[in-house]
Amino acid sequence: MFGKTKQPDNTSHWIRHEHILRSDHYECARCHVKKDRPTNACPNCGAVMKSTKSDPQWVDELEMFDAILGD
Ligand SMILES: [Zn+2]
């Protein structure tokens, strides 16, 4: 029903949250557990990680700095 593009549901990917003032961390896109570094499989839900996608939160943090510096 999903054709040839259907993936096994034991796979997922990391969402990399990037920060300016602290180190990046990684969130499982399947169970949303957060880790300091990516692994080949999620230690919480066991999903096999196929990729890492960035979620650059520093963009919001930069805007926050602008608001502080512009005060
Ligand atoms: Zn997980």
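Rule-based calculations on the coordinates, nothing more; no lab input. None of the values given here were measured: they were computed from a predicted structure. For neighbour counting, all protein chains shown are included, and Cβ atoms are generated from backbone atoms with ideal geometry for every residue, glycine included.
What to note about this one:
- Antiparallel %, DSSP beta bridges [both residues in the range 9-69], to 5: 55 percent
- Charging the Cβ of each Asp and Glu at -1 and of each Lys and Arg at +1, and nothing else, the dipole of the range 9-69 about its Cα centre rounds to 440 debye.
- On the basis of the beta-carbon distance and an R0 of 22 Å, residue 68 and residue 18 show a calculated FRET efficiency of 0.65.
- The ratio of the alpha-carbon radius of gyration of the range 9-69 to the globular-protein estimate 2.2 N^0.38 Å is 1.29.
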